Amino acid sequence: MKLKRPKVSVIIPVYNVENYLRKCLDSVINQTLNDIEIICVNDESTDCSLNILQEYAVQDSRIIIINQKNSGAGAARNAGLKVARGEYLSFLDSDDFFELNMLEKAYEACSTYNLDFVVFRSDFYDNDTNTFIPQYDTIRKDLLPRKKIFSYKDIKKDIFNIFVGWVWDKLYRREFAISNNLLFQAQRTTNDLLFAFTALVKAKRIMVMDEVLAHHRISLQSSLSRTREQSWRCFYNALLALREELKKAGIYEEIEQSYINYALHFSLWNLNTITGSAYKKLYDSLRTEFFQELGITRHDRNYFWNKGEYEQYLKIMKNECVSDNSRNDEPAKYSIIGAFLKSLINNGLKYTLFKAKYELFNRWIKLRKSFSQ
């Protein structure tokens, strides 16, 4: 008997997340869209994560557990892709969680407009304070084309800054992913950039949903920068792999300026958000190798859209950015948020101020209505 094809396959790599896994799974099994399969890939967890998966699988037959030797989230997602049967693909990190209507809304948009993928908004969830922190630049409205359904050809400039190069704020058509051989890099971090940006340039039908439907957990207790100390080259490997894909597709020369601008942006983001000994290693590698290999050193100031990033690049090349050892104990959360705020100042401050004023105005209107009732 042929099994019915689910509408969405949700793929969740799982590694030592016993404190957060239940909230993640609850946000998926309680989705308003019921016709889904939930593929959990246990990456040889050493805590109680597997026990939690097995407990949930007993209660919900839609959960499929795959066990693999510890190989990282990229390999885990690829393992999930091999068995996924859904019309569409959703990827969720096991310490993050969705709004309960995310799959229904994203699936409805994809199926209605025959999309290759849809993008929706996300925010930060501060695990220490249980508060949500808005992220206005995960979708750059100032770069979006005016068309509702678009492709990269409709984006006038800065193609790779229009979205963030992660996958959990998107829903992908499975046949689109398979036909374009979209896969994740088997590396410790930045393993989804290649998938996300290859999809961006190969998709013919993309749409944006201006609504927060996913929440990305951040925490003082688990320092992202410290874990990235062991994998500080991964972002560079991802950028090189993306360039190869663009060349294979025969579109690199067409969008080279967007690629090089993004390569500079992402290189500086990684430098500005890393701590400890890896900061000096990355700083020296950028100055002596990475910037040149990525093609950044071949261009002058006029080639770059973000002048603030270009100025920092010049300082690094002149060896004027001093590495401060006091950064070792700086919490990663504040590094990330600091870089996020710097990005807003460089790229979207006017939009952010408008958004803040708009939200305050709406709150004032609601307050007036409540008093008049």
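With (1) open to solvent by 70 Å² or more (accessible area, probe 1.4 Å); (2) over 21 Å from the mean Cα position of the chain (by Cα); (3) more than 16 Å from Leu171 (Cβ to Cβ) as the list, and Ile64 as the residue in question, which single condition is left unmet? Result: Ile64 passes all but (1). Screening the range 140-154 for residues that are without any contact (Cβ under 8 Å) to a residue 24 or more places away in the chain and assigned to a loop (DSSP other than H, G, I, E, B) and picking the one that is surrounded by the fewest Cβ atoms within 10 Å (Cβ to Cβ) gives Arg146. Out of the range 28-50, which residues are farther than 22 Å from Leu115 by Cα and either charged (D, E, K, R) or open to solvent by 10 Å² or more (accessible area, probe 1.4 Å) (or both)? Within the range 28-50, Ile29, Asn30, Asp43, Glu44, Ser45, Thr46, Asp47, Cys48, Leu50 meet the criteria.
When the criteria are applied in full, Tyr107 fails the requirement of being over 14 Å from the mean Cα position of the chain (by Cα), open to solvent by 40 Å² or more (accessible area, probe 1.4 Å) and closer than 13 Å to Val208 by Cα.
Please determine, by comparing only the residues of the range 112-132 that are open to solvent by less than 60 Å² (accessible area, probe 1.4 Å) and under 24 Å from Val201 (Cβ atoms), which one is farthest from the chain's Cα centre (by Cα). The residue in question is Leu115. Being open to solvent by 10 Å² or more (accessible area, probe 1.4 Å), basic (Lys, Arg) and out of contact with any Asp or Glu (no Cβ under 9 Å at 6 or more places or on another chain) is a condition met by at least one residue of the range 82-93. In the set (1) open to solvent by less than 40 Å² (accessible area, probe 1.4 Å); (2) within 24 Å of Ile11 (Cα to Cα); (3) more than 15 Å from the chain's Cα centre (by Cα), the condition left unmet by Ile218 is number (3).
Among the residues making up the range 210-243, those that are out of contact with any strand residue (DSSP E or B) (no Cβ under 9 Å at 6 or more places or on another chain), assigned to a helix (DSSP H, G or I) and at pLDDT below 95 are Ser225, Arg226, Thr227, Arg228, Glu229, Gln230, Ser231.
Scan the range 248-279 for residues that are open to solvent by less than 10 Å² (accessible area, probe 1.4 Å), among the hydrophobic types (A, V, I, L, M, F, W, C) and without any contact (Cβ under 8 Å) to a residue 60 or more places away in the chain and the total you get is 6.
For the range 172-185, the criterion of being without any contact (Cβ under 8 Å) to a residue 40 or more places away in the chain, within 23 Å of Ala214 (Cα to Cα), of a type in the set (A, V, I, L, M, F, W, C) and assigned to a loop (DSSP other than H, G, I, E, B) is satisfied by at least one residue.
Over 20 Å from Ser71 (Cα atoms) and open to solvent by less than 10 Å² (accessible area, probe 1.4 Å), is that true of Leu53? In short, no. For the range 1-23, a residue qualifies if it is touching a Lys or Arg at 6+ places or on another chain (Cβ under 8 Å) and farther than 13 Å from Leu92 by Cα, and the qualifying residues are Leu3, Arg5, Pro6.
The values are calculated or read from the model by the stated rules, or taken from the named source; none is laboratory data. No experiment lies behind these values; they were computed from the predicted model shown. Please note: Cβ atoms are built from the backbone with ideal geometry, for glycine as well, and neighbour counts cover all protein chains shown. Side chains included, ligands, DNA and RNA excluded: accessible areas come from the protein's heavy atoms. Shrake-Rupley method; radii C 1.70, N 1.55, O 1.52, S 1.80 Å.
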